[in-house]
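Since the structure comes first, as C-alpha cells, the remarks are kept for the end.
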Amino acid sequence: MAEARVPAERPLSPHLTIYRPMLSMMMSIVHRITGGGLYFGTLLLVWWLLAAASGPGAYAAFQSAAASFLGRIVLFGYTWALIHHMLGGIRYLIWDTGRGFGAAEREWLLRANLAGSIIMTIILWVFGGYLMGGLR
C-alpha cells in the first residue's frame, strides 16, 4: 500500500486581515449590504401597498409607524440604500464597458457614488418634505 502523504502547507486566501482596506473594497461591501437592505426594505413597500388596499384604518396604522422618529430613520436609510445601490449599478455598468479602471478614474467614480448618494438622498427628502408641507 502507498504511504499517506502529509499535505503541503497551502497558502491562505487573501482576506480583510491581510489587505489594507481600500475605498473600492469598502464600496463593494456596501453595495452588497445595500442590496440586501433593499431586499428586506421591499417589505415596507408591500406593507404600504397592502395598507392602502385594506382601507383607512390599516393605512392610518402604516402612516403612524412611518411618521414616527424610528420610521423616518428607516425610510431615510431605505432611500439612501436605493439611491446608493442605483449609482453603484451605474458605476458597475461603466466598468462593464471597460472604462474607468485607471486609479484616478476609479477613485473619482467611487467618491462620486458615495457623495452623490448622500446629496441626492438629502435633496429628495428636502424637496419631498417641501411638497408635503414641510417635514414635521
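Could you check the range 18-55 and list, in sequence order, the residues that are of a type in the set (S, T, N, Q) and either at pLDDT below 90 or closer than 24 Å to Asn113 by Cβ (or both)? Within the range 18-55, Ser24, Ser28, Thr34, Thr42 meet the criteria. Sub-6 Å Cβ pairs linking a first residue in the range 53-66 that is without any contact (Cβ under 8 Å) to a residue 60 or more places away in the chain to a second residue that is aliphatic (A, V, I, L, M), at least 6 apart or interchain, are Ala58/Ala51; Tyr59/Ala51; Tyr59/Ala52; Phe62/Ala51, ordered by first then second residue.
The values are calculated or read from the model by the stated rules, or taken from the named source; none is laboratory data. All of these numbers come straight from a predicted model, not from anything done at the bench. Cβ atoms come from the backbone with ideal geometry, glycine included; neighbour counts cover every protein chain shown.
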